[in-house]
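What follows is one structure encoded as structure tokens, with my remarks underneath.
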Amino acid sequence: MTEDVETYVGDPPRTRWHRAWAVAGVTLAALVAAAAFRSSTGVLLEPIEREFGWSRATTSGAVSLNLVLYGISAPFAAAAMERWGVRRTVTTALVVVGVASGLTTVMTAPWQLWVLWGVFIGVGTGAMALVFGAIVANRWFHTQRGLVTGVFSAASATGQLIFLPVIARTATDAGWRAAALIVSALALLTGVLVVAFLRDRPSDVGVLPYGLPPGAVVNAPQAPTASPAVVAVRVLRFASRTWVFWALALTFWICGWSTNGIIQTHFIPAAHDHGMPSTTAAGLLALVGVFDIAGTIASGWLTDRVDPRWLLAGYYFGRALSLVALDAVLAPGIVPGMWVFIVFYGLDWVATVPPTVALCRTHFGLERSGVVFGWVFASHMIGAGVGASVAGLVRTDQGDYHWAWLIAAAMCFAAVALSLSIPRHPRIDQ
């Protein structure tokens, strides 16, 4: 990544309102739109299987491909945002998601599910992964970065909370195609908002990042001339020489396995196996999103004040305990223990993101951190894809998800040790 910079001196603000908050609002809307599809897969699996006679292995495979490409796309999307701009990259991604989701309503063969769900929507939503929020927070905010990153991280839960019950009810009353069209319309509408309000950098509209005093001088790196693929691989080659990168990648791989991989994809089918109606299970998963919003924003606030390594260790330890207990609380109805799981797991769901972003920024620098976090996030979604497939295979072979929960719990305990192995301060030569 080029080190050339251009100097910008900010103008005095005319009002107390800062443009960074409008940009943050549009960014949040785009992240919520991407989350709307991600939260719908667990609801749409069974209706699609019933209509076409496809097996759980077939549909889970498409979801796994989606999750893997969603993650692998992130570092290249981060490099594309540096090369071609955030607004252009995100707008293109929203159009891809909207068109592909609409086309699922006319599919007739499994390969089409894999291409639309797996490839196009996987890549499209990958361009709006959490790396998008991390780049916006780093560019537009000098202070409150942890808090803003926490808000962006909560977008997936917000989309889950708002749209999962709607999608579940629509799929039940009007069919899964109508639910897919909701996702399509939302993505295209959000694309219009991005074009209208999102800007790449504060200097594009004559302001400084939020928190800098008027007249401060900012050195903004110029856009790299190399292709996004070259930049992404170059940063990976640099980061992969450090233990910090591998520790963050491994912990996030486990994070993806234990959240998107088994809970977001398989919680509703697992609850249905125990006699719980799918709409009730979808409502519980939406409640996870309620507590996730609070937990992730609180995690962002804590990240500005507490050693991120200890936060990660605590989050993974709590998640392991909740997964061990899950089998005991699944039942045809909602038992008291299920409420404990929903609250506890919800508070912990995406709380790992703000401290992970902070560690990337601390150890790899402001400009490299976006692409580095993209690679770390790629490992998250690869773990999610592997976790979704393994859980599907366990369900097919054993008839239940018992060992799927225990395997994920064991890995979360390992993530505690990995988190604490990260040095507190970066090496001088990094």
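Being within 16 Å of the chain's Cα centre (by Cα) and surrounded by fewer than 24 Cβ atoms within 10 Å (Cβ to Cβ) is a property that I297 has.
Residues in the range 310-356 that are under 25 Å from F141 (Cα atoms) and surrounded by fewer than 17 Cβ atoms within 10 Å (Cβ to Cβ): 1 in all.
Taking the criterion of being over 15 Å from T352 (Cα atoms) and β-branched (V, I, T), the only residue of the range 407-422 that qualifies is I407.
When you check T242 against the structure, is it at pLDDT 85 or above and either surrounded by fewer than 23 Cβ atoms within 10 Å (Cβ to Cβ) or not polar (S, T, N, Q) (or both), yes or no?
On the way: at pLDDT 85 or above: yes; either surrounded by fewer than 23 Cβ atoms within 10 Å (Cβ to Cβ) or not polar (S, T, N, Q) (or both): yes.
The answer is yes for T242.
Applying the condition of being closer than 13 Å to G374 by Cα and either under 14 Å from the mean Cα position of the chain (by Cα) or of a type in the set (D, E, K, R) (or both) to the range 245-264 and asking which residue is surrounded by the most Cβ atoms within 10 Å (Cβ to Cβ) yields F252.
Checked against the criterion of being assigned to a helix (DSSP H, G or I) and either modelled with pLDDT of 85 or more or under 12 Å from A36 (Cα atoms) (or both), the candidates R169, R199, R177 yield just one match: R177.
Condition first: free of Cβ contacts under 8 Å to residues at least 60 places away in the same chain, in a helix (DSSP H, G or I) and among the aromatic types (F, W, Y). Can you find one or more residues in the range 394-407 that meet it? Yes: the range 394-407 contains one or more residues that are free of Cβ contacts under 8 Å to residues at least 60 places away in the same chain, in a helix (DSSP H, G or I) and among the aromatic types (F, W, Y).
Filter the range 207-233 down to residues that are in a loop (DSSP other than H, G, I, E, B), of a type outside the set (V, I, T) and modelled with pLDDT of 80 or more and give me whichever is nearest to I135 (Cα to Cα).
The first filter runs over the range 207-233 and keeps only residues in a loop (DSSP other than H, G, I, E, B), leaving 207-209, 211-216, 222-227.
Of the ones still in play, those that are also of a type outside the set (V, I, T) are 208-209, 211-216, 222-224, 226-227.
Next cut, modelled with pLDDT of 80 or more only: 208-209, 211.
On the way: L208: 15, P209: 12, G211: 16 Å.
That would be P209.
As a summary of the residue check, V230 satisfies the conditions (1) of a type outside the set (K, R); (2) farther than 21 Å from Y345 by Cβ; (3) in contact with a Gly (Cβ under 7 Å, 6 or more places away or on another chain) except for the one numbered (3).
For the structure I just gave you, tell me whether T125 is among the polar types (S, T, N, Q), within 25 Å of W375 (Cα to Cα) and in a helix (DSSP H, G or I). Spell out the reasoning first.
Values: among the polar types (S, T, N, Q): yes; within 25 Å of W375 (Cα to Cα): yes; in a helix (DSSP H, G or I): yes.
Here the answer is yes, as T125 does meet what is asked.
Being of a type in the set (A, V, I, L, M, F, W, C) and modelled with pLDDT of 80 or more is the filter; apply it to the range 40-62 and report the residue that is surrounded by the fewest Cβ atoms within 10 Å (Cβ to Cβ). Walk me through it before giving the result.
From the range 40-62, those of a type in the set (A, V, I, L, M, F, W, C) are 43-45, 48, 52, 54, 57, 62; that's our starting set.
Filter once more, so that each one left must be modelled with pLDDT of 80 or more: 44, 48, 52, 54, 62.
Values: L44: 22, I48: 23, F52: 14, W54: 17, A62: 26.
Top of the filtered list is F52.
Looking across the range 304-349, the residues that are among the small types (G, A, S) and assigned to a helix (DSSP H, G or I) come down to A313, G314, G318, A320, S322, A325, A328, G337, G346.
If I filter the range 334-373 down to residues being among the small types (G, A, S) and at pLDDT below 85, which single residue comes out as farthest from A294 (Cα to Cα)? Give the steps one after another, and end with the answer.
Quick first cut of the range 334-373, residues among the small types (G, A, S) only: 337, 346, 351, 358, 365, 369-370.
Imposing the further condition that a residue be at pLDDT below 85 reduces the set to 346, 365, 369-370.
Numbers: G346: 9, G365: 28, S369: 25, G370: 24 Å.
Filtering the range 334-373 for residues that are among the small types (G, A, S) and at pLDDT below 85, the one farthest from A294 (Cα to Cα) comes out as G365.
The values are calculated or read from the model by the stated rules, or taken from the named source; none is laboratory data. In this text, all values refer to a predicted model and were calculated from it rather than measured experimentally. Virtual Cβ from ideal backbone geometry, glycine too; neighbours counted across all protein chains shown.
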